[in-house]
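Here's the structure we're looking at; comments come further down.
Values quoted throughout were computed directly from the atomic coordinates according to the rules given, and no laboratory measurement underlies them. Predicted model, so just to flag it, every value in this text is computed and none were measured. Cβ placement follows ideal geometry from the backbone for every residue including glycine, while neighbour counts extend to all protein chains displayed.
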Amino acid sequence: MTDVVITGRGIISPAGRGVDAAWQGVLSAVSAAAPHPEFTTDDTPVTLACMAPEFDPDAEFGRGTSRRLDRYTHLAMVAGSEALADAGLLAPPSEGADNPGFGGGLVDGVERDRVGVLLGSGIGGAQTWASEYPNYIEKGPRRVSPMFIPKMLSNTAAGVISMRSGARGPNMTVNTACAAGASAMHIGRDLIRSGQADLVIAGGVEAGITGLAMSAFSQMGALTKNDDPSSASRPFDVDRDGFVMGEGAAVVILESIEHAERRGATIFGRLVGAGASADAHHMTAPPEDGGGAILAMQRALHDAGFDPADIDHINAHGTSTPLNDKTEAYAVRQVFGDHRPALASTKGVTGHLLGAAGAVEAIFSLQAIATDTVPATANTQTIDPEIDADVVIGEPRPMPVRAVMSNSFGFGGQNASLVFTA
Amino acid sequence: MAHDIMATFTEILIEDFDIPADEVTRDATFEGLGLDSLDVVDLTLALEEKTGITLEDDELEEVVTVGDAVDLADGKQE
């Protein structure tokens, strides 16, 4: 089977926009959490959120385009555009063409029919639901926007990336809730391995910060009640009490090594292992024995042909909820035994990006390898004594990072683990 | 007071649809301005929001140019 390499990266996350800025944001270990202006003036029970850096979709994509699309698609376009440019895959804009961010689409020499798009999203156009439903209730069925369906559908972002780039290969959106970004990369890689595509534009996106979603996650007890940004999201800390909602997108270009070498592409890393599983247990809680998380990690190692000792660092799911962090650390211990990979959660900085989490963390995993640095888990002061793992806190840890496992676990008990190397 | 429908359409087309002002004329076709059928429905909802004038789906089937839509809406003003 062909090796699948990463030849492009794009990210807009609470830690920053662009790979370098986002990685610096993660290394700074300063949380991006801030009071959300919309929720400080109403009764929304939790006000902290990790927002993507401000950007103006009207200015970047044109008002005519941006108003037809939900914020989640705007974020996917920003990350997708950066990833394609990073991979050297965008042709210069042709004269008179209006395709901001995507130039003249895919370059010559790339077979467009063999370029796929695989995105993950947990919710899709959440803000469109939130803004349109009151129109229906208050003004009636005849005042519902005809744009509602295309804006809110969770596959729109993947569709728009194909329209903008000209990619006509397999095009899908996968939903495994908070594992969706990782699942998209898993399936995208397999499309290349099975010969159905040369290249896949793969990633995850979420823009779910709405009063409705914040209230609902809060009612579940999933969000932290701590309103201090410097301690709200603190994965693996003894005082953790829930996650902070985040938003953003990350996209990578997955490519067969033969294709990448033929066109002289820069190789930023390899996706060598992927594992997926289900807990078959509970809608929101993981099983105490680590169930599906263990299976996902073991399958990813097996897929890579690796022993546990080959993994230097784990970018944990580490949401900062009491249950996730305890169970994940337990599952890691079951898989890795006395080998203790440097475990870090970048959610201390970014909050939890739900369906985009696995994708932004894939980029942070690649950066850890590229820089031989494991980021510190921001905000975490005292590691929960029930957690038996080498959790990196305080300062980033310089160390050889040859292989990284990135974990993502979704509601519904859907789990994904990826393994990256240089 | 009667609404200036042409002015209202022009404002919506410029601000919401990003159409250059000099392209918005009575003779311009919606297709030529880059609006598809969903956009035209969206445009009429914006008109309704601003003026209270409702254009029905079956009436829109006959509408090709901006002028057609203006005349249709004008015909509904008391």
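Descriptive notes on the structure:
- Ranked for footprinting exposure by Cβ neighbours inside 10 Å, fewest first, A:Thr380, A:Thr210 give A:Thr210, A:Thr380.
- Peptides A:118-127, A:280-289 ranked from most to least packed, by the mean per-residue count of other Cβ atoms within 10 Å: A:118-127, A:280-289.
- Cβ-derived FRET efficiency at R0 45 Å, B:Glu62 paired with A:Ser230, nearest 0.05: 0.10
- Three-way shape call for region A:271-421 based on the alpha-carbon gyration tensor, with the a/c threshold at 1.5: rounded
- Extension gain, A:Thr382 to A:Asp56, is 113.4 nm, computed as 0.36 nm per intervening residue step minus the present C-alpha separation.
- Sum of -39500 (n - 2.57) over DSSP H runs of 4+, divided by residues of the protein assembly as shown (222 nm, nearest 500): -10500 deg cm²/dmol
- Most mobile of A:Pro385, A:Pro170, A:Pro14 in a GNM of chain A (Cα contacts under 10 Å): A:Pro385
- Separation in nanometres of the label points that stand 7 Å from Cα toward Cβ, at A:Asp113 and A:Glu138: 5.1
- Cα-centre dipole for chain A with unit charges at Cβ (Lys and Arg positive, Asp and Glu negative), debye to 20: 1060
- Nearest-0.05 FRET efficiency for A:Met220 and B:Glu49, computed from C-beta distance (R0 35 Å): 0.45
- Each part gets one Cα centre, and for region A:224-274 versus region A:41-65 those centres are 21 Å apart.
- The fewest-to-most ranking of B:Phe17, A:Phe409 by surrounding Cβ atoms within 10 Å reads B:Phe17, A:Phe409.
- Counting neighbouring beta carbons within 10 Å and listing from fewest to most, the residues A:Lys151, B:Lys50, A:Lys326 come out as B:Lys50, A:Lys326, A:Lys151.
- Region A:290-407 - charge dipole about Cα centre, Lys and Arg +1 at Cβ, Asp and Glu -1, debye rounded to 20: 200
- FRET efficiency estimate (nearest 0.05) - Cβ-Cβ, A:Ser131 to B:His3, R0 25 angstrom: 0.45
- Among A:Pro134, A:Pro308, A:Pro57, the residue with the largest mean-square fluctuation in a Gaussian network model of chain A, with springs joining Cα atoms closer than 10 Å, is A:Pro134.
- Fluctuation leader among A:Ala265, A:Ala309, A:Ala29 - chain A, Gaussian network, Cα springs under 10 angstrom: A:Ala309
- By the rule of a C-alpha distance below 21 Å, with chain neighbours fewer than 8 residues away ignored, the lysines paired with B:Lys76 are A:Lys139, B:Lys50.
- Overall form of region A:128-182 per C-alpha gyration tensor (a/c, 1.5; a/b vs b/c): oblate
- Cα gyration tensor shape for chain A, rounded if a/c is under 1.5, else prolate or oblate: oblate
- About its Cα centre, the dipole of chain B is roughly 260 debye, where the only charges are +1 on Lys and Arg Cβ and -1 on Asp and Glu Cβ.
- Within the straight-line cut-off of under 24 Å between alpha carbons, the lysines reachable from A:Lys347 are A:Lys225, A:Lys326, sequence neighbours fewer than 8 places apart in one chain being disregarded.
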